Ligand code: UDP
């Protein structure tokens, strides 16, 4: 094995749920001696600051233009802009990267990598269950008889545990696929390019998803599939931001949590993108109020550029009525620090994969309300297989009733639920995976060694 430092290109998709874990992976690779170029938007550049302060000589930001749009054509646009730019960049670089590690939304980088003669590694910010489901859908194109009926059942017999999913729980991007339409064919080809790529890095661990990791190996036909997660820092507690500056003073929030009993607080958040409708928000806050539990509620509002439509705001007087036991964050919450505080025992979540992992790593039980994408599968994993979750809602159109919410919330903070105990066991298992000699640590070393061999 060569000992010179390999230079690699990391290419994250610019949304929070994608770039946060890829930058966490960047930190792990930098500490293993690699030289890393990371392509970012100017908006995301500050996210590199903590890494740059420690690894200024081996971390190189590469600014790329990412037009700010939420349209379905977004990924095609990025490809049209970035492919020629990166091709030229590779050709003119005196010491170009030996590999491209890029988000699974950038499947086309497989073609770019082939053109410049380096391998491409897929980074999956989703779990193995989500990624292998995407592979199955895009490869086999299974259909339901009546796609206009959102409850039509899609059975997927060649998938571990043979799921049968109502059509509305199948990832939207796949449901909207129009054969022959260039933009949709682009999405499908991107996924097929992911399957054809040289390797895959998964932000998961064998103790969570062995069966799905094995399934991916079968789908791609090789073993260069490394489960290196959770990649989030193990030391993050107290007053630390992760993925963006907190919208509330962290010391104030932590002081508030310090005064709460161990395991008594429910943290409620639906990730970086989901915006509740007004009816959903009304039922949620009514449920929180009736439950009598202590809680932190993180509320997101639509971005200016998104079509606002119907979105929920906290009803008048609510904050006063729950004063002392409810802490409301409008904007960005320091989620990882909140979850890791001993006072927090329960997480009401939309089951985005990062939130799922962050909850598991913090040892909290989960109340699941998946909204879209592969979140229904993540919820299934949490509830049926890992047994650390209880279902409270299902889908972006669902309005769970406040009385039901209240009783589940109250029951959740009662320490006797078996999911609480199981969550502690799972916490120990994932932390065991990332420490020296654990399965994720070994996979990460194997991945890094393979990069040294590429040199
Ligand atoms: N996040 C955060 N504060 C917030 C909202 C989100 O720190 O107020 C982080 C969260 O910890 C996670 C990521 O943003 O790392 C969201 O990713 P996830 O996969 O859970 O959901 P998405 O936002 O992609 O739907």
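The Kirkwood radius of segment 140-187, taken over pairs of alpha-carbon atoms, gives through the Stokes-Einstein law at 20 °C and 1.002 mPa s a diffusion coefficient of 185 µm² s⁻¹. Out of all DSSP beta bridges with both ends in the chain, state the antiparallel percent to the nearest 5. About 5 percent, rounded to the nearest 5.
The long axis of helix 16-31 is offset from the longest Cα principal axis of the chain by roughly 60 degrees.
Write down the Kirkwood hydrodynamic radius of segment 203-341, to one decimal in angstroms, obtained as one divided by the mean of 1/r over all alpha carbon pairs. Intermediate results must be reported in sequence, preceding the final value.
Working: mean 1/r = 0.0569 Å⁻¹.
17.6 Å is the Kirkwood radius here.
Assuming a viscosity of 1.306 mPa s and a temperature of 10 °C, what translational diffusion coefficient in µm² per second does Stokes-Einstein assign to segment 290-383, Rh being the Kirkwood radius over Cα pairs?
In µm²/s, the coefficient is 107.
If R0 equals 56 Å, the separation of the Cβ atoms of residue 68 and residue 416 corresponds to a calculated FRET efficiency of about 0.70. Computed from the alpha carbon atoms alone, the convex hull of segment 359-410 holds 75 Å³ per residue.
How far, in degrees from 0 to 90, does helix 206-220 lean away from the longest principal axis of the Cα atoms of the chain, to the nearest 10? Helix 206-220 sits roughly 40 degrees off the main axis of the chain.
Could you work out the relative contact order of the chain, using alpha carbon pairs under 8 angstrom and six or more residues apart, expressed as a whole percent? Walk me through the intermediate numbers first.
Numbers: 807 pairs, mean separation 73.6, N = 455.
It rounds to 16 percent for the chain.
The simple spin-label model puts a point 7 Å past each Cα toward its Cβ; for residue 196 and residue 446 those points are separated by 2.6 nm.
Explain nothing, just the number: relative contact order of segment 58-141, from Cα pairs under 8 Å at least 6 residues apart, as a whole percent.
Values: 54 pairs, mean separation 18.5, N = 84.
Worked out over segment 58-141, it gives 22 percent.
Dividing the helix sum by the residues of the chain, where each DSSP H run of 4 or more adds -39500 (n - 2.57), gives a mean residue ellipticity at 222 nm of -13000 deg cm²/dmol.
How would you classify segment 7-120 from its alpha-carbon gyration tensor, with a ≥ b ≥ c the square roots of the eigenvalues: rounded for a/c under 1.5, else prolate if a/b is greater than b/c, otherwise oblate? Walk me through the numbers before you get to the answer.
Values: a/c = 1.74, a/b = 1.15, b/c = 1.52.
Because a/c hits 1.5 or more and a/b fails to exceed b/c, segment 7-120 counts as oblate.
Full extension of the chain segment joining residue 152 with residue 56 gains 29.2 nm, where the gain is 0.36 nm per residue of separation less the Cα-Cα distance. Note on 250, 162: ascending count of other Cβ atoms within 10 Å places them as 162, 250, the fewest first.
In whole angstrom, segment 340-455 maps to an equivalent ellipsoid with semi-axes of 32, 18, 10, each derived as √(5λ) from the alpha carbon gyration tensor and ordered largest first. Put in order of Cβ neighbour count within 10 Å, fewest first, the listed residues 251, 294 become 251, 294.
Determine the distance separating the Cα centre of segment 334-356 from the Cα centre of segment 106-150; give it in Å without decimals. What the calculation gives is 28 Å, centre to centre.
Give the calculated FRET efficiency between residue 217 and residue 301 to the nearest 0.05, with a Förster radius of 30 Å applied to their Cβ-Cβ distance.
Rounded to the nearest 0.05, the efficiency is 0.10.
Percent of Cα pairs in the chain per distance bin of 10 Å, from zero to the largest separation: 4, 20, 31, 27, 14, 3, 0. If you look at the Cα atoms of segment 100-184, you get an Rg and a Dmax of 15.1, 46 Å. Defining a contact as two alpha carbons under 8 Å apart and six or more residues distant in sequence, what relative contact order in percent does segment 384-455 show? Result for segment 384-455 is 22 percent.
Take the Cβ-Cβ distance between residue 321 and residue 224 as r, set R0 to 60 Å, and report the resulting FRET efficiency rounded to the nearest 0.05.
Working: r = 55 Å, r/R0 = 0.92.
Using R0 = 60 Å, I get an efficiency of 0.60.
Considering only the Cα atoms of segment 112-252, their convex hull presents on average a projected area of 12.4 nm².
Bear in mind these aren't lab numbers, they're just calculated from the coordinates by the rules spelled out. Remember, it's a predicted structure, so these values are computed and weren't measured experimentally. Backbone-built Cβ (ideal geometry, glycine too); neighbour counts: all protein chains shown.
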